[in-house]
Each structure stands twice: as structure tokens, then as C-alpha cells.
Amino acid sequence: MRGFLGVLLGLAAASAAAAPVRWLDAAAWARPRDGAYVRTLAPVAETVRAYLQAPHARIVIRYPSGEEGILWAEELRAWLVALGVPSAQVETLPGSGRDDALALSVEPRP
């Protein structure tokens, strides 16, 4: 678990400072997925890095409307949990604002 988070931290540290919202588009998600692939997705790595730097935060996944959007967000949530992010710290909400992408952000816990 710590190994995965360390890898994500290393990957994200190499990238430029990220905006508060990171977009995971449908094209990137359409590939066959496993843990190794999910870890390489820049929006995911950057979001986890921001989460690790904010001890009182949560990861919020906003999804496009419809059943497909819900399923997509819940699958990403399941991957994050499987790869070491506590389930209580990942929330899915409707309203990404785009039909072709999930909006990932790190926000204060309510």
C-alpha cells in the first residue's frame, strides 16, 4: 500500500504544479485496465499526490450524468481503494460538467 502511494508521489512530483481539478478523459479510461495502468494515469497520480499533501482532505470524483458516468466513477473509486486510498476518503458526486471526462479534485472534508 505505501509502495503504491510512494510511486504515485514520485510520478506526480515530476510533473508541473497541477490545477485543482484534474480531468480523466474517456479515451484514457477506454484501455484495458489493471493496477499498473491506473497508477500511470497522470490525473490519478496528481490527485493522489495532492491528497497525500492535505491530511484533512478527501478525493472527490465528479462524473457525467447517466448510469455510465456513475459506473465509471465507482470503478475509479474501487481502483483507488484497491491501491491504498482509504474508502472513506473518496467520494463520488454527479456533475463533472463534461460528458467525456471525470473531474478529480482534492477538497476539505465536510
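Mind counting the residues in region 79-88 that are within 13 Å of the chain's Cα centre (by Cα), of a type outside the set (Ser, Thr, Tyr) and assigned to a helix (DSSP H, G or I)?
4
All but one of (1) within 18 Å of ALA103 (Cβ to Cβ); (2) in a loop (DSSP other than H, G, I, E, B) hold for ARG58, so report the exception by its number.
Only one criterion is unmet by ARG58, namely (2).
So which residues in region 19-31 are part of a loop (DSSP other than H, G, I, E, B) and open to solvent by 70 Å² or more (accessible area, probe 1.4 Å), if there are any at all?
PRO20, ALA30, ARG31
Looking only at region 53-71, how many residues end up being over 17 Å from ALA42 (Cα atoms) and of a type in the set (A, V, I, L, M, F, W, C)?
Count: 4.
Restricting the search to region 32-43, which residues are touching a helix residue (DSSP H, G or I) at 6+ places or on another chain (Cβ under 7 Å), part of a helix (DSSP H, G or I) and either open to solvent by 40 Å² or more (accessible area, probe 1.4 Å) or under 10 Å from ARG22 (Cβ atoms) (or both)?
ARG39
Is there a residue being open to solvent by 20 Å² or more (accessible area, probe 1.4 Å), under 11 Å from the mean Cα position of the chain (by Cα) and more than 20 Å from ALA88 (Cβ to Cβ) anywhere in region 44-67?
Yes, region 44-67 contains a residue that is open to solvent by 20 Å² or more (accessible area, probe 1.4 Å), under 11 Å from the mean Cα position of the chain (by Cα) and more than 20 Å from ALA88 (Cβ to Cβ).
Sort through LEU93, LEU76 and tell me the only one that's surrounded by 19 or more Cβ atoms within 10 Å (Cβ to Cβ) and within 14 Å of the chain's Cα centre (by Cα).
Exactly one of LEU93, LEU76 is surrounded by 19 or more Cβ atoms within 10 Å (Cβ to Cβ) and within 14 Å of the chain's Cα centre (by Cα), namely LEU76.
The values are calculated or read from the model by the stated rules, or taken from the named source; none is laboratory data. These numbers were taken from a predicted model, which means no experiment stands behind them. For neighbour counting, all protein chains shown are included, and Cβ atoms are generated from backbone atoms with ideal geometry for every residue, glycine included. The accessibility values were calculated without ligands, DNA or RNA, using every heavy atom of the protein model including side chains. Shrake-Rupley method; radii C 1.70, N 1.55, O 1.52, S 1.80 Å.
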